[in-house]
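Comments concern the structure below.
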Ligand code: NAP
């Protein structure tokens, strides 16, 4: 990224606040915006950047804008404002997880104002966001990918160009199907181990370093055993992703039964008021002797 580039960041949540902090440390960030303005102001005070009072203000002052907001409607709303406020030639990098069709639609809307777009969903959790070690899957034209890489390099260790606009989101959908199955497998295995009366902290250490090891058991296994589900990644957000995966699978005539099961369980958790908990709260439904209306 050239020295004159002025980057903005929209969406300072569990992921975005860490990602934006890396851009601030690199001297690339000039302005932030968040729906709850106090969050943007607190970030701005900590990092010495401007807190914009609207997306329009941010858009007018930045030539590259990174988004990490919640869902499709948020990306659409923010991009509508950016289309009206950014100068032609600007670049929008969307790191939120949304439908492939949403990426294509906002790219077209921005293009009508002369603004470039890449979808760049991320994987690696809040830990990866904090460390700047995310895996990032990018959809867009090659030249836009090259330009976005100068920013994304600060946020991740593996930045992959997957194809045209939407290809990043499609790859992320595959990742989310995988995460749905892994969450199920880990909760089932932990409940099984507990039922056997094993020393489960040691079990997590042992199996986490063997062929069954994975990010989820290594980062969430021990807190699940303590009936704690610190964020992380909200159940409601993964449920949103699995709804996207379900629609994509239907359209492609592909079967994703494990994912559908996890999705139904997330619906149950959300109905019981646990939608804002980390997805490891799936353990509420399977841990030995526990009812979902937990006491923690
Ligand atoms: P989060 O903690 O809920 O944060 C979302 C942030 O975006 C909040 O600060 C929210 O503002 C802000 N926001 C939402 N809509 C907005 C809008 N229209 N305009 C401006 N700001 C808006 O979510 P997260 O966990 O950071 O996830 C963000 C995105 O990354 C989601 O698409 C998620 O699926 C994806 N993702 C998450 C993880 C993870 O492990 N958490 C991993 C990979 C990808 P408020 O402060 O007002 O709520």
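FYI, it's all coordinate maths here, none of it is from the lab. Note that this is a predicted model, so its numbers are computed, not measured. Note: ideal-geometry Cβ built from the backbone for every residue, glycine included; neighbour counts use all protein chains shown.
Taking the average, over residues, of other Cβ atoms within 10 Å as the packing measure, peptides 146-154, 112-120 rank 112-120, 146-154 from highest down.
Annotation: average projected area of region 93-171 is 4.5 square nanometres, based on the convex hull of Cα atoms across all directions. Share of pairwise Cα-Cα distances greater than 19 Å in region 149-284 is 56 percent (whole percent). Between helix 100-111 and the chain there is an angle of about 10 degrees, using the helix long axis and the longest principal axis of the Cα atoms. Angle of helix 235-252 to the longest C-alpha principal axis of the chain, folded into 0 to 90 degrees and rounded to 10: 80°. Measuring max minus min along each principal axis, the C-alpha atoms of region 41-103 give extents of 36, 25, 15 Å (largest first). Axis angle, to the nearest 10 degrees, between helix 16-25 and the longest C-alpha principal axis of the chain: 50 degrees.
Averaging 1/r across all pairs of distinct Cα atoms in region 97-221 and inverting the result yields a Kirkwood radius of 16.3 Å. The order of the peptides 242-250, 225-233 by mean Cβ neighbours within 10 Å, most packed first, is 242-250, 225-233. Here is the size of region 28-150 from its Cα atoms: Rg then Dmax, 13.8, 37 Å. For the Cα trace of the chain, dividing Rg by the Kirkwood Rh returns an Rg/Rh value of 1.00.
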